[in-house]
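Some notes on the structure that comes next.
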Amino acid sequence: QHYFIQSNLSMTTTVKSLAIRPAREDCQTIGQWEVLARQSHILRSSCKCQEINGNVIKCNYCTYSSSLSIPLPEMTFDRNTLSIKHLKSKCSLQFNALEALKLVDDKNDVIKVSYAQEWLAKRQDSSHIKNTPNPFDWTYTTRYTGSLCPSEGYKMVESVTTQEPDQEKLLRRDKILYHTEHVLFEDELADNGSSKLVLKCRVMSDFVLVLLRFYLRVDRVMVRVQETRWYVESEWDYLLREVVEREAGCGDLGHLENSDLFDEWGINQHLPVVRKELARVDVVPDVGS
């Protein structure tokens, strides 16, 4: 189901830290919710910390490097962020690359374990993988779905649900108030494939829809896609989340043309669903605070 208009727009935002230049900022409000997107350039590849009046202001490169125990992806958009804030409570749902990368396995080479036979056959000559000093999931697979941020006096409570987004509203051709798409990180796996985390947001007059999509292709080994959709209507005090994960080994995709295998968005129709979860996140008073 494609509820987003595909485009080549690229948006970005911030993690608190030193900003080399101001980020582009877009803000939309519908009902009880405020959507804030920020856009800036790719993370710099060296330290840019500054000392001002005797105080060292930590740059984003050092923030990321000290927070993560894995090498950074080739392209990390540290200041591409999105926030959906509940105006009454100040609780928010936020998205940024740092929190996504924190969920990458920093101790195990997951693909090597899961696809051992294909791995040994196809990757024996890969110096990129052989020379990795410490094992980690070099595909940057993350199960990040967004960050729930409570506020003073309020909390965000997650529960299992069967409620789904209003399909009629999603498919209506109403006016789009705002639409953005930006990459959080991307890596070509030293020419072994592609790993990419993309964020899209669509704001309508009565609802907001967010898609967070992780795409992984390890050439001649496997393809994996995890899509997280968040949906909230303008007067709700809660959000709905749907997570769908698809995956297949290339042995099961041998009937496809290369053009199909390399089609980041079209590949969905060829991958079986291996996990699906529905959740509801309510904003409620925190009586214990």
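The values are calculated or read from the model by the stated rules, or taken from the named source; none is laboratory data. None of these values were measured; they are calculated from a predicted model. Glycine also receives a Cβ, built like all others from the backbone with ideal geometry; neighbour counts cover every protein chain displayed. Quick note on the areas: whole protein, heavy atoms, side chains included, nothing else; ligands and nucleic acids left out. Shrake-Rupley method; radii C 1.70, N 1.55, O 1.52, S 1.80 Å.
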Cβ-Cβ distance below 7 Å, separation of 6 or more or different chains: which pairs start in segment 234-254 with a residue that is open to solvent by less than 50 Å² (accessible area, probe 1.4 Å) and end on one that is small (Gly, Ala, Ser)? Ser234/Gly31; Arg241/Ala279
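Using the structure shown, decide if Leu148 is outside any loop (DSSP other than H, G, I, E, B) and open to solvent by less than 30 Å² (accessible area, probe 1.4 Å).
So Leu148 fails the test.
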The one condition Arg229 fails out of (1) farther than 20 Å from Leu101 by Cα; (2) open to solvent by 10 Å² or more (accessible area, probe 1.4 Å); (3) not hydrophobic (A, V, I, L, M, F, W, C) is (1)
Could you check segment 255-271 and list, in sequence order, the residues that are open to solvent by 70 Å² or more (accessible area, probe 1.4 Å) and not in a helix (DSSP H, G or I)? His255, Glu257, Phe262
What are the residue pairs meeting all of these: first residue in segment 146-159, first residue acidic (Asp, Glu), second residue surrounded by 13 or more Cβ atoms within 10 Å (Cβ to Cβ) and modelled with pLDDT of 95 or more, Cβ atoms under 9 Å, and 6 or more apart or on different chains? Glu152/Lys90; Glu158/Leu148; Glu158/Arg241; Glu158/Ala279; Glu158/Arg280; Glu158/Val281; Glu158/Asp282
What single numbered condition from (1) open to solvent by 10 Å² or more (accessible area, probe 1.4 Å); (2) over 19 Å from Leu72 (Cβ atoms); (3) modelled with pLDDT of 95 or more fails to hold for Met204? (1)
Six or more apart or on different chains, Cβ under 6 Å: which pairs go from a residue in segment 44-67 that's β-branched (Val, Ile, Thr) and outside any helix (DSSP H, G or I) to one that's modelled with pLDDT under 80 and surrounded by 15 or more Cβ atoms within 10 Å (Cβ to Cβ)? Could you list them? Ile57/Leu18
Gln167: of a type outside the set (A, V, I, L, M) and open to solvent by 30 Å² or more (accessible area, probe 1.4 Å), yes or no? yes
